[in-house]
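This report concerns only the one structure given below.
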Amino acid sequence: MSATLIPAIISAAEGGDGEFVPPGPSSFDLPPIDGLGDVTKPMLLVVLSAIIIIGFTVLSSRKAAVVPGRLQFAGEAVYGFVRNSLARDNIGAEHYMKFVPYLFSLFLFILVNNYYGVIPFLQFPSFSRIGFIVPLALITWLLYIGAGVYAHGPVGYLKHATMPGGITGPILLLLVPLEFISNILVRPFTLTLRLFGNMFAGHLLLILFATGGAALLTSGNIGYGVVGVLSFGLGIAVSFLEMLVMFLQAYVFTLLASMYIGEALADEH
Amino acid sequence: MEGSLNLVGLGLAAIGPGVGIGLIFAAFISGVARQPEARGNLQSIAILGFVLAEALFIITVALAFVL
């Protein structure tokens, strides 16, 4: 599936001693590209995604007309989806426009980088390397905490985030640390791990079906060959599942980001 | 038999979120069957619940390879 896997398939198929090496976390350690120093494939893919997104948004909005063309319609559909069903519904009609640019670029960035996993020849979801996700989660974390501090003041936000309304008495001793951990400490970790885990596990599954199928087909045993065909078929089925998951993860990351912002901005009730 | 005991734990850890996600979508389907016009509202809630239940398993996936 990736550049390292073609030799892996061959070695799995021909293998010095005929031994099949199952893919593992090491399948994600791609070697640097020749002649580019330390630059690896995921780095290039992330840069390419920025070019794709800028190109798409500029092209779809350059000749804005009252009666939209195809590209403008597609751009407006994505923008409208993020603005209306993610930002406005979760942040509230008063403040949401300030956050739409961030949420829109976040959504497109994750979407394009996830779909690299099923595009032929690219075939490596760059977000299966956790380092690319950590900054996104940190920016989101800073953004919602910043929004909360801006709306309520530092002490006010801390109180807003850790003290659920209408609760008094000694139970607060238990509740305040729990709310602090779940609302402030754990959120960036779950944001990161959710996207990473989905991309990592999905891509690992695809590699497994592809290399396992190749190893079975070339094993020379007719019974193994039949199972190898089955493995390729399942790999195709899993690819469709992955396409759903890739969209869902981009949607969910943006949804959670807008929910956190909306929660931080909400007034006490 | 070779392999890591972590992966057995990974398989066991998939049971809980599997049951949870099944319950979430069962509730979503019966909700839509009773009140089809509420589909839009229910869908985002269902996906949110699905994601939160799935997070448990995803954390296990990460830990299974790290530890």
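Here, each number is a calculation from the coordinates, and none is a lab measurement. For clarity, every value in this text was computed on a predicted model and none was experimentally measured. So basically every Cβ, Gly included, is an ideal-geometry build from the backbone, and we count neighbours across all protein chains shown.
Kirkwood-type hydrodynamic radius, chain A: 21.3 Å, calculated from all non-identical alpha-carbon pairs. Quick check: the angle from helix A:5-14's long axis to the longest principal axis of chain A, C-alpha only, nearest 10 degrees? In chain A, helix A:5-14 runs at an angle near 40 degrees to the longest axis. Placing unit charges on each Cβ (+1 for Lys and Arg, -1 for Asp and Glu) gives chain A a dipole about its Cα centre, and among A:L265, A:V67, A:L138 the Cα reaching farthest toward its positive end belongs to A:V67.
Which of A:V252, A:V226, A:V176 has the fewest other C-beta atoms within 10 Å, and how do the rest follow up to the most?
On the way: A:V252 23, A:V226 12, A:V176 17.
Arranged by neighbour count, lowest to highest, A:V252, A:V226, A:V176 become A:V226, A:V176, A:V252.
Taking the longest Cα principal axis of chain A as reference, the axis of helix A:41-62 is set at about 60 degrees. Within chain A, the longest segment free of exposed loop sites, counting GluC sites (Glu not before Pro) that fall outside DSSP classes H, G, I, E and B and have at most 12 other Cβ atoms within 10 Å, spans A:95-267.
Helix A:133-152 and the long axis of chain A differ in direction by around 10°, with both axes built from C-alpha atoms. Within chain B, the selection of entire DSSP H helices by a Cα span of 20 Å or greater along the long axis and an average Kyte-Doolittle value of at least 0.5 returns B:15-34, B:39-66. Computed on the Cα atoms alone, the convex hull of the stretch A:41-126 gives a volume of 110 cubic angstrom per residue. Here, the stretch A:113-218 is characterised by an Rg to Rh ratio of 1.23, where Rg is the alpha-carbon radius of gyration and Rh the Kirkwood radius. Within straight-line reach of A:K63, meaning a Cα separation under 16 Å, sit the following aspartates and glutamates at least 8 residues removed in sequence or on another chain: A:E76. By the beta-carbon count within 10 Å of each Cβ, the least crowded to most crowded order of A:H152, A:H95, fewest first, is A:H95, A:H152.
Springs between Cα atoms under 10 Å define the GNM used for chain A, and in it the highest mean-square fluctuation of A:Q249, A:Q123, A:Q72 occurs at A:Q72.
When you filter the chymotrypsin sites (Phe, Trp or Tyr not before Pro) in the stretch A:94-184 for DSSP loop state and at most 14 other Cβ atoms inside 10 Å of their Cβ, you are left with A:F121.
Which order do peptides A:191-198, A:39-46 fall in by mean Cβ count within 10 Å, highest first? Don't skip to the answer; put the middle values down first.
On the way: A:191-198: 23.8, A:39-46: 17.5.
Per-residue Cβ counts within 10 Å, averaged per peptide and sorted highest first, yield A:191-198, A:39-46.
For the options A:L206, A:L122, A:L142, a Gaussian network treatment of chain A with springs between C-alpha atoms closer than 10 Å singles out A:L142 as fluctuating the most. Ranked by the mean number of other Cβ atoms within 10 Å per residue, highest first, peptides A:20-26, A:213-219 order as A:213-219, A:20-26. Modelled this way, with points 7 Å down the Cα-to-C-beta line, the labels at A:N84 and A:L174 are 4.5 nm from one another.
Calculated on the alpha-carbon coordinates, the convex hull of the stretch B:1-54 measures out at 69 cubic angstrom per residue.
On the principal axes of its alpha carbon atoms, the stretch B:25-67 extends 47, 15, 8 Å, with the longest extent given first. The GNM of chain A, with springs linking C-alpha atoms under 10 angstrom apart, assigns the highest mean-square fluctuation among A:I236, A:I133, A:I33 to A:I33. Could you tell me the calculated FRET efficiency between B:N6 and B:I45, based on Cβ-Cβ distance and R0 = 45 angstrom, to the nearest 0.05? Computed FRET efficiency for B:N6 and B:I45 comes out at 0.85. Spatially, the stretch A:49-113 and chain B are offset by 29 Å when compared through their Cα centroids.
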